[in-house]
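J.: Here it is: the structure, laid out below.
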Amino acid sequence: MKTPLTDKTGKQLTVAEVGTKGAIRFRTIFVELGIYCLHLIGNVPFHHVRRFFYRLAGMKIGKNSTIHMYARFYQSGNISIGEGTVVGEHTTLDGRARLKIGNNVAMASGVMIYNAEHDISHEHFLHNLEPVTIEDYTFIGPRAIILPGVTVGAGAIVAAGAVVTKDVPPHAIVGGVPAKIIGERKHKNLTYKLGRAHWFR
C-alpha cells in the first residue's frame, strides 16, 4: 500500500517503509540524546566522575588513562583506549565506526579524530564509515585532524594542525595539510609513562 509520504529523494514510501524510517528516526534521537549527555559530563571538573560515566556509556578505558574536560564523542561504545593514555581538552573522538587508541598515547588539546565522512561523489551525499587506529606511544599534536581509515603507527608523531589522510608509518614524524613525513623519531624502543591523571583538568 502506498502513502502520500515521500523520502528526501522524492521516492514515494509504503506504509511499511514509513514505519521502518520512523523507528530509525526514533533510535537516532535516542543516540543523539546520549551524545548530548556525554557532552554535559565532559564539563564536570572531576576526572574520576567523567571516566566512570564514559565507561558506563560503553567506552573501554584502560588503567591509568584519562580524558580531560570538554571532550566530545560520537557513539562511545565503539571507542577503546588503552592503558596510560592521556586525551587532552576539547578533543573529538568519533565512534560511529571502531576507534582504537593504544597504550601511552599522548593526545594534545583540540585533536579531532573522525571515522565517518561524506562521499562527495555520491548523488545523495551519503556517508562512509572506516575504522581508525592510533597505536602505542604516539603523540598527536594540538588541533591535528585524523580522517577515516587511518592507522597512526606506534611511536609516530603528528605535528600540531596536521591533517592526516593516510596511514602514518611507525616512528615517523608527519606535518602539514595533507600530512607528509617530515622526519623520524630518534628513539625507537619506547617505554616511558605519561604520569598520573590531573584530577581537576
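The values are calculated or read from the model by the stated rules, or taken from the named source; none is laboratory data. Not measured: the values here are computed from a predicted model. Every residue, glycine as well, gets a Cβ built from its backbone with ideal geometry; the counts of neighbours run over all protein chains shown.
J.: As an exercise: evaluate Pro45 against (1) exposed (fewer than 15 other Cβ atoms within 10 Å of the Cβ); (2) free of Cβ contacts under 8 Å to residues at least 40 places away in the same chain; (3) not in a helix (DSSP H, G or I) and give the number of the one condition it does not meet.
T.: (2)
J.: How many residues are in a strand (DSSP E or B) and among the small types (Gly, Ala, Ser) if we restrict to region 107-127?
T.: Residues flagged as in a strand (DSSP E or B) and among the small types (Gly, Ala, Ser) within region 107-127 amount to 1.
J.: A further question follows. Identify all residues within region 77-102 that are within 17 Å of Arg55 (Cα to Cα), out of contact with any strand residue (DSSP E or B) (no Cβ under 7 Å at 6 or more places or on another chain) and of a type outside the set (Asp, Glu); write none if there are none.
T.: Gly77, Gly84, Arg98
J.: Exactly one of (1) at pLDDT 90 or above; (2) at positive phi; (3) out of contact with any strand residue (DSSP E or B) (no Cβ under 9 Å at 6 or more places or on another chain) is unmet by Gly10. Its number?
T.: In the conditions (1) at pLDDT 90 or above; (2) at positive phi; (3) out of contact with any strand residue (DSSP E or B) (no Cβ under 9 Å at 6 or more places or on another chain), Gly10 misses (1) alone.
J.: Looking at region 77-89, can you tell me whether even one residue there is over 24 Å from Gly195 (Cβ atoms) and not in a helix (DSSP H, G or I)?
T.: No: zero hits.
J.: Separate question: Among the candidates Lys193, Lys186, which residue alone is of a type in the set (Lys, Arg), part of a loop (DSSP other than H, G, I, E, B) and within 29 Å of Asn43 (Cβ to Cβ)?
T.: Within the list Lys193, Lys186, the selection yields Lys193.
J.: Scan Ala116, Ala71 and give me the residue that is under 14 Å from the mean Cα position of the chain (by Cα) and closer than 15 Å to Arg55 by Cβ.
T.: Unique residue meeting the criteria: Ala71.
J.: Determine which single condition Ala97 fails, assuming it passes every other condition in (1) touching a Gly at 6+ places or on another chain (Cβ under 7 Å); (2) part of a loop (DSSP other than H, G, I, E, B); (3) farther than 23 Å from Trp199 by Cα; (4) small (Gly, Ala, Ser).
T.: (1)
J.: Please specify each residue of region 82-111 satisfying the condition of being within 17 Å of Asp136 (Cβ to Cβ) and of a type in the set (S, T, N, Q).
T.: Once the filter is applied, which keeps residues that are within 17 Å of Asp136 (Cβ to Cβ) and of a type in the set (S, T, N, Q), region 82-111 yields Thr85, Asn103, Asn104.
J.: Right, another one. For region 154-201, which residues satisfy the criterion of being of a type in the set (Ser, Thr, Tyr) and exposed (fewer than 12 other Cβ atoms within 10 Å of the Cβ)?
T.: Thr191, Tyr192
J.: When Thr20 is evaluated against the numbered criteria (1) more than 18 Å from Ile81 (Cβ to Cβ); (2) polar (S, T, N, Q); (3) in contact with a Lys or Arg (Cβ under 9 Å, 6 or more places away or on another chain), which criterion, by number, is the only one it fails?
T.: (3)
J.: Kindly indicate whether Ile145 is crowded, with 20+ Cβ neighbours inside 10 Å and over 14 Å from the mean Cα position of the chain (by Cα).
T.: It is false that Ile145 is crowded, with 20+ Cβ neighbours inside 10 Å and over 14 Å from the mean Cα position of the chain (by Cα).
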